[in-house]
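Chemist: Take a look at this one; I'll ask things after.
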Amino acid sequence: MSDPLYGDPLDDLDDAPAPVAAPAPARPAPYLDSLNPAQRQAVEAMDGPVLVLAGAGTGKTRVLTTRLAHILFSGRARPWQVLAVTFTNKAAREMRERVARLVGPASEGLWLGTFHALGVRILRRHAEVVGLRSGFTILDADDQTRLLKQILQAHNIDDKRWPARVLSGVIQGWKDRGLTPDRISAADAGDLAQGKAVEIYREYQDRLRILNAADFGDLLLHCLSIFQSRPEILAEYQEQFRYILVDEYQDTNVSQYLWLRLLAQKHRNICCVGDDDQSIYGWRGAEVGNILRFEKDFPGAAVVRLERNYRSTPHILAAASHLISHNQGRLGKTLWTEAGEGEKIVVRGVWDGETEAREIGEEVEALQRRGESLDGMAILVRAGHQTREFEDRMLTLGLPYRVVGGPRFYEREEVRDAIAYLRVIQQQDDDLAFERIVNKPARGIGPTTLQAMHRLARATGVSLTAAAHALMETDELKPAAKRNLTAILDDFARWRGQAETLAHTELAGIVLDESGYTALWRASKDPKAPGKLDNLKELVVGMSERENLAAFLEHVSLVMENDERAEGARLSIMTLHAAKGLEFDTVFLPGWEEGLFPHQRAMDENGAAGLEEERRLAYVGITRARKRVHVSFAANRRIYNQWQSAIPSRFIDELPPAHIEAASDPGLYGGRQASVPGGASQAFSHGSWAPTRRGGPPAGLVIEGTGSRASTAEEHGFRPGDRCFHLKFGMGRVVAVEGDKLTIAFDKAGEKKVIAAFVEKP
């Protein structure tokens with residue numbers, strides 16, 4: 001292979017001996033009768049490499065399990081001669097149980113598990129080859145970070161500028177790509193850790209050997225080193241594993257790919273099951289190219305497409321298939337079903353996020369009245385900060401919900417920190433809140449100072465804040481600690497004074513900025529930092545929906561009382577990434593706007609590849625639904641307490657009109673029902689079909705046009721070269737006109753594409 005990312009340890013693969021056909025089973029296999037023709041073909045294609053392209057809801061798990069059972073039942077291999085790889089322990093357990101039901105005790109002894117579980121099994125047998133002993137310890141993320149902190153300190157590298165947690169993620173990324181320290185290029189390392197990243201990686205590996213330890217990335221990386229340095233060991237495993245089965249092949253990283261290819265070299269009986277259209281984990285190392293290049297890697301491979309869907313209606317499948325067809329990097333398949341036609345996908349334009357949450361809440365209640373269970377409904381968002389409005393709305397409606405795959409909005413670290421600041425302003429004797437943030441961000445108020453405050457507070461029966469004020473009158477604290485504590489107490493006193501005159505949303509912005517908390521996350525190298533900043537912005541938006549600070553804090557308390565452990569049906573709220581592998585009767589897909597979905601950061605960082613992964617994410621979202629899909633987009637989003645105009649996602653234009661119903665509401669669209677002549681978003685042109693907020697638009701936004709067709713930018717009187725004003729971006733000059741959208745070079749904000757209805761002539 002010439003691809004530098006993958007290296008070239010496998011160039012002689014094509015010279016591997018041809019597979020020898022095994023005899024047909026002497027007994028009939030009754031479990032084959034329940035398979036459809038494509039599924040049966042995938043199960044019975046036993047000799048040589050096989051790629052099973054399994055579309056969403058096409059019975060992938062059944063095929064993989066039945067194939068494994070068939071290998072054992074037909075006598076082609078003993079259990080210990082079969083390697084079956086999954087991505088989760090849950091999937092491994094499920095597969096083992098299903099195989100046992102089909103073939104009984106004959107399944108005992110299988111090499112079946114996750115990549116990490118199988119890797120550690122091999123590594124413990126040959127640990128000495130890579131300088132370890134068989135009883136080595138596997139470090140968790142916290143242990144890895146603590147070890148790296150020690151190394152950074154030894155090199156006098158500032159942990160605040162180059163956090164150990166971030167460097168750990170970089171090193172794990174290198175390991176996922178199969179890169180040992182001697183294979184990291186200068187360009188790849190860049191200026192990480194003051195240009196010492198490779199040196200630190202090498203020292204980290206040396207320290208792991210001294211400790212007789214390995215991290216999760218080592219479990220496969222060390223296996224690769226063993227296989228490449230000791231060909232006799234590799235040959236032993238190549239001979240042993242007559243058949244290899246791999247689940248979710250589209251999610252494999254480079255190390256996993258190389259590990260599998262090395263093991264498959266002799267018998268070449270490798271069957272990979274996956275869906276290139278559902279490869280959505282590029283951000284954590286998955287390489288969609290692994291599945292796209294399968295036929296090149298394994299010449300003569302059989303490719304079986306599972307296209308009959310057992311989950312969704314024809315409208316849902318047609319919409320998803322048409323959307324994903326816009327991707328260039330795919331192998332291609334067309335899903336179909338024998339199910340009834342069902343409901344069209346509903347696409348709805350709304351004024352803002354609050355309206356969007358209200359509309360979805362009302363639809364959930366309407367479905368409940370029709371007998372639908374909350375357990376069968378899910379709201380799938382692109383970004384974690386979107387959950388806040390839906391959580392608030394479900395609480396208002398009294399609808400039980402669960403946040404899947406992560407904490408609820410108000411439970412997130414950065415949100416709890418921000419609320420702690422506000423709680424201390426509202427109630428200065430709130431010790432728990434004060435202790436949480438008195439040294440966050442770090443301001444030189446350490447454990448010794450806190451212990452002194454606690455001692456005085458207990459001895460005199462006062463709050464920590466009162467104790468802190470009392471300590472200011474003594475010499476109990478060192479001068480630096482006293483100075484730092486005085487500064488934060490003065491800050492709180494000033495903020496309490498401002499709380500009497502400023503809007504609580506304005507106050508929150510001031511507190512987050514002046515405390516240094518926003519700057520803390522802006523300066524952070526943590527890959528999660530941008531999302532945390534988004535959550536802080538969304539918190540301020542949520543505050544604007546309450547009358548004052550006291551009302552907001554009371555609301556938060558009520559939200560936190562929503563008991564996750566309560567029994568009964570619950571609506572699911574989660575990100576699209578967390579929804580993969582799940583299915584629901586009804587799926588709501590909010591926030592389909594440019595910049596939010598597809599996410600601007602994904603496109604900025606990865607270009608066309610990022611856009612294609614975003615489109616695959618949209619495909620995954622649509623195909624989670626059995627019966628109905630509701631897509632929505634907002635004309636405006638509030639960032640802090642300012643309006644930001646938005647345009648519908650390009651993905652809406654890529655939905656086929658024949659399978660879309662453009663919804664309208666009398667309060668939002670003047671009671672009109674839009675047609676969809678050429679693309680879904682044409683029904684929502686922000687002129688005549690502009691969403692109008694109940695109570696009218698905010699000042700400064702001009703929504704015009706009531707004709708029977710979508711108004712264009714020309715009808716608003718704009719031409720290239722015209723000067724104009726936008727509420728958010730300020731003054732600018734029109735560069736181009738495209739329908740009802742304008743490309744404007746703003747004097748301060750640069751070039752942006754905006755809706756003509758949101759622009760005024762000066």
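The values are calculated or read from the model by the stated rules, or taken from the named source; none is laboratory data. On a predicted model such as this, the values are computed, not experimentally measured, just so you know. Positions of Cβ are generated from backbone atoms using ideal geometry, with glycine treated the same way; all protein chains shown enter the neighbour counts. Side chains included, ligands, DNA and RNA excluded: accessible areas come from the protein's heavy atoms. Shrake-Rupley method; radii C 1.70, N 1.55, O 1.52, S 1.80 Å.
Chemist: Select from the range 478-524 the residues that are open to solvent by 60 Å² or more (accessible area, probe 1.4 Å) and within 37 Å of the chain's Cα centre (by Cα) and write down the one among them that is modelled with the lowest pLDDT.
Modeler: Checking each candidate, the answer is Ala523.
Chemist: If the Cβ limit is 6 Å and pairs must be 6+ apart or interchain, which residue in the range 101-125 that is under 14 Å from Thr137 (Cα atoms) and open to solvent by 30 Å² or more (accessible area, probe 1.4 Å) pairs with which residue that is assigned to a helix (DSSP H, G or I) and not hydroxyl-bearing (Ser, Thr, Tyr)?
Modeler: His116/Leu219
Chemist: Something else: As an exercise: evaluate Leu331 against (1) in a helix (DSSP H, G or I); (2) open to solvent by 30 Å² or more (accessible area, probe 1.4 Å); (3) among the aliphatic types (A, V, I, L, M) and give the number of the one condition it does not meet.
Modeler: Of everything listed in (1) in a helix (DSSP H, G or I); (2) open to solvent by 30 Å² or more (accessible area, probe 1.4 Å); (3) among the aliphatic types (A, V, I, L, M), Leu331 misses just condition (1).
Chemist: Pick from Glu239, Glu203, Glu248: which is in contact (Cβ under 8 Å) with a residue 12 or more places away in the chain, of a type in the set (Asp, Glu) and at positive phi? Before the answer, list the steps.
Modeler: Working: Glu239 fails: at positive phi; Glu203 fails: at positive phi.
None of the others qualify; the one that does is Glu248.
Chemist: May I ask you to list the residues in the range 369-390 that are within 17 Å of Asp352 (Cβ to Cβ) and either outside any loop (DSSP other than H, G, I, E, B) or of a type in the set (A, V, I, L, M) (or both)?
Modeler: Of the range 369-390, the ones within 17 Å of Asp352 (Cβ to Cβ) are 379, 381-383, 385-390.
Of everything in the range 369-390, those that are within 17 Å of Asp352 (Cβ to Cβ) and either outside any loop (DSSP other than H, G, I, E, B) or of a type in the set (A, V, I, L, M) (or both) turn out to be Ile379, Val381, Ala383, His385, Gln386, Thr387, Arg388, Glu389, Phe390.
Chemist: Quick check on my filter: what residues within the range 387-406 are of a type outside the set (Phe, Trp, Tyr) and open to solvent by less than 10 Å² (accessible area, probe 1.4 Å)? Outline the logic, then answer.
Modeler: Filtering the range 387-406 for residues of a type outside the set (Phe, Trp, Tyr) gives 387-389, 391-400, 402-406.
Of everything in the range 387-406, those that are of a type outside the set (Phe, Trp, Tyr) and open to solvent by less than 10 Å² (accessible area, probe 1.4 Å) turn out to be Thr387, Arg388, Glu391, Asp392, Met394.
Chemist: Looking only at the range 71-78, decide whether some residue is in a helix (DSSP H, G or I), crowded, with 17+ Cβ neighbours inside 10 Å and among the aromatic types (Phe, Trp, Tyr). Walk me through how you get there before you give the answer.
Modeler: We begin by selecting, within the range 71-78, every residue in a helix (DSSP H, G or I); these are 71-73.
If we keep only those that are crowded, with 17+ Cβ neighbours inside 10 Å too, we end up with 71-73.
Checking which are among the aromatic types (Phe, Trp, Tyr) leaves us with 73.
Yes, the range 71-78 contains a residue that is in a helix (DSSP H, G or I), crowded, with 17+ Cβ neighbours inside 10 Å and among the aromatic types (Phe, Trp, Tyr).
Chemist: Within the range 319-336, work out how many residues are free of Cβ contacts under 8 Å to residues at least 60 places away in the same chain and either more than 22 Å from Ala38 (Cβ to Cβ) or polar (S, T, N, Q) (or both).
Modeler: The number of residues fulfilling the criteria is 3.
Chemist: Check whether at least one residue in the range 75-88 is closer than 16 Å to Phe216 by Cβ and at pLDDT below 90, and report yes or no.
Modeler: Yes - at least one qualifying residue is present in the range 75-88.
Chemist: Only residues that are more than 25 Å from Thr334 (Cβ to Cβ) and within 15 Å of the chain's Cα centre (by Cα): list them for the range 606-634, please.
Modeler: Going through the range 606-634, the residues more than 25 Å from Thr334 (Cβ to Cβ) turn out to be 606-607, 610, 632-634.
Selection gives Gly610 alone.
Chemist: Among all residue pairs at least 6 apart or on different chains, which show Cβ distances below 8 Å where the first residue, located in the range 143-168, is within 19 Å of Leu520 (Cβ to Cβ) and among the aromatic types (Phe, Trp, Tyr) and the second is open to solvent by 70 Å² or more (accessible area, probe 1.4 Å) and part of a helix (DSSP H, G or I)?
Modeler: Once the first residue is within 19 Å of Leu520 (Cβ to Cβ) and among the aromatic types (Phe, Trp, Tyr) and sits in the range 143-168, its partners that are open to solvent by 70 Å² or more (accessible area, probe 1.4 Å) and part of a helix (DSSP H, G or I) give Trp162/Gln194.
Chemist: Taking interchain pairs and intrachain pairs at least six residues apart, which have beta carbon atoms under 9 angstrom, with the first residue in the range 375-403 and more than 18 Å from Val631 (Cα to Cα) and the second open to solvent by 10 Å² or more (accessible area, probe 1.4 Å) and aromatic (Phe, Trp, Tyr)?
Modeler: Final answer for the pair search is Asp375/Phe584.
Chemist: Return the only residue of Asp475, Asp417 being modelled with pLDDT of 90 or more and of a type in the set (Asp, Glu).
Modeler: Result: Asp417 is the single residue among Asp475, Asp417 that is modelled with pLDDT of 90 or more and of a type in the set (Asp, Glu).
Chemist: Right, next: Please count how many residues of the range 133-150 are part of a loop (DSSP other than H, G, I, E, B) and touching an Asp or Glu at 6+ places or on another chain (Cβ under 7 Å).
Modeler: Taking the range 133-150 as the starting set, the residues that turn out to be part of a loop (DSSP other than H, G, I, E, B) are 133-136, 139-140.
Checking the rest, the ones that are also touching an Asp or Glu at 6+ places or on another chain (Cβ under 7 Å) come to 139.
Total meeting the criteria: 1.
Chemist: Would you point out which residue out of Ala608, Ala566, Ala625 is out of contact with any Leu (no Cβ under 7 Å at 6 or more places or on another chain), modelled with pLDDT under 90 and not aromatic (Phe, Trp, Tyr)?
Modeler: Details: Ala608 fails: modelled with pLDDT under 90; Ala625 fails: modelled with pLDDT under 90.
Among Ala608, Ala566, Ala625, only Ala566 is out of contact with any Leu (no Cβ under 7 Å at 6 or more places or on another chain), modelled with pLDDT under 90 and not aromatic (Phe, Trp, Tyr).
Chemist: Another question, then. On the given criteria, is Lys296 among the basic types (Lys, Arg), within 19 Å of Ala618 (Cβ to Cβ) and surrounded by fewer than 23 Cβ atoms within 10 Å (Cβ to Cβ)?
Modeler: no
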